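Notes follow once the structure below has been shown.
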Amino acid sequence: MPPEACLIVNPVAGRGGLRAKLADVRDVFRKRGIKTVYETSAAGDEHQLTHRAIQEGASTIVGVGGDGTCGRIAGAILESKARCALAVVAAGTGNDFAKTLGVETLTPDEVAELVVRGHETLIDVGLADGHYFVNSCGFGFDSSVLEATKRIRLLKGNAVYIYAALKQLFTYRGVNVSANGATGVGAARMLMVTLSNGRWLGGAFKIAPHASAVDGRLDACFVGDSNVVQRARLFAAALRGSHLGMPTVKTAHVQELALTFPDKPSMEIDGELRVALSRTVAIRCVPRALAVLAAPGALR
């Protein structure tokens, strides 16, 4: 059992659903000697708590929360340049990164066992507009759907993203974007552009079915704008991961890419909404940059 392990918990993860389970999660890890627990009290606290944990000797941090929590912890680990691994107890809404690590359905007890065993794997991360991401970065429809989820109160889990995406199918107007770095893709009006390190987006959508977090590249997906009927077909196909063969969809495996928009775009980074610093957003893959604890056979 590594005494250097600790937990960073976002108690409002999963739309507040984690609170009722938090005592049990703490007990599971405490029984294995992992007693240090840091809790966030506001969005973004993960950053300073990660730096604090590392300064206090943590060599493994268990993120208990969703994609935003994992992304912020990972970013702080990378900024610190410390030898520190990330493990995940899935407790968010979409849990896309947990799927990549193969831990989405694991119990806290099973994740604790992974931490005790300590078999680390190095994975790629993305860097967009100066921010690291472990799962995805998206523009256009993707960020519009994320913004719409903030107004949904009664649903939880994948249903939140599915419902928000269905509503946006009829109202979103698309975005003009010019791509530099992807063969065969230039300037066009797009429904959305995504850069993926993992295969899943919004919990239910297999947006990058061939993505690998250990291949040194990001999977870029460019979806041209279309009418409502074509959008509905795309929606259904993306749930299955069969959208890549559709006429409006182009893909590329990229190490670096630059996207230019008419104005500073809104962007989704690991389930968090940001506004880019400028009209042109530079995105690149940083190969094998982050140590993680994944389920056996999950990363390939």
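In the range 158-181, of all residues being closer than 30 Å to Ala91 by Cβ and not aliphatic (A, V, I, L, M), the one that is modelled with the highest pLDDT corresponds to Tyr172.
Restricting attention to the range 263-293, the residues being crowded, with 22+ Cβ neighbours inside 10 Å and outside any strand (DSSP E or B) number 4. Being within 21 Å of the chain's Cα centre (by Cα), modelled with pLDDT of 95 or more and either in a strand (DSSP E or B) or surrounded by fewer than 17 Cβ atoms within 10 Å (Cβ to Cβ) (or both) is a condition met by at least one residue of the range 222-230.
For every residue, the table says whether it meets (1) hydrophobic (A, V, I, L, M, F, W, C); (2) under 22 Å from the mean Cα position of the chain (by Cα).
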position	(1), (2)
Ala164	yes, yes
Gln168	no, yes
Tyr172	no, no
Val177	yes, no
Asn180	no, no
Ala188	yes, no
Leu195	yes, yes
Trp200	yes, yes
Ser212	no, yes
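The strands (runs of 3 or more DSSP E) falling completely within the range 87-190 that include 2 or more residues that are surrounded by fewer than 20 Cβ atoms within 10 Å (Cβ to Cβ) and not basic (Lys, Arg) map to 121-128, 175-180.
For the range 209-221, indicate whether the set of residues that are closer than 19 Å to Arg173 by Cα and either out of contact with any His (no Cβ under 7 Å at 6 or more places or on another chain) or touching a residue at least 12 places away in the same chain (Cβ under 8 Å) (or both) is non-empty. There is at least one residue in the range 209-221 that is closer than 19 Å to Arg173 by Cα and either out of contact with any His (no Cβ under 7 Å at 6 or more places or on another chain) or touching a residue at least 12 places away in the same chain (Cβ under 8 Å) (or both). All of (1) crowded, with 22+ Cβ neighbours inside 10 Å; (2) modelled with pLDDT under 95; (3) not small (Gly, Ala, Ser) hold for Ile77 with one exception: (2). Only a single criterion out of (1) surrounded by fewer than 21 Cβ atoms within 10 Å (Cβ to Cβ); (2) outside any loop (DSSP other than H, G, I, E, B) is not satisfied by Asp215, namely (2). The residues of the range 38-70 that are in contact with a Lys or Arg (Cβ under 6 Å, 6 or more places away or on another chain) and surrounded by fewer than 18 Cβ atoms within 10 Å (Cβ to Cβ) amount to a single one, His47. Taking each residue of the range 267-281 that is without any contact (Cβ under 8 Å) to a residue 40 or more places away in the chain and looking for partners that are among the aliphatic types (A, V, I, L, M) with beta-carbon atoms closer than 6 Å, six or more apart or interchain, yields Thr280/Ala258.
The values are calculated or read from the model by the stated rules, or taken from the named source; none is laboratory data. No experiment lies behind these values; they were computed from the predicted model shown. Glycine also receives a Cβ, built like all others from the backbone with ideal geometry; neighbour counts cover every protein chain displayed.
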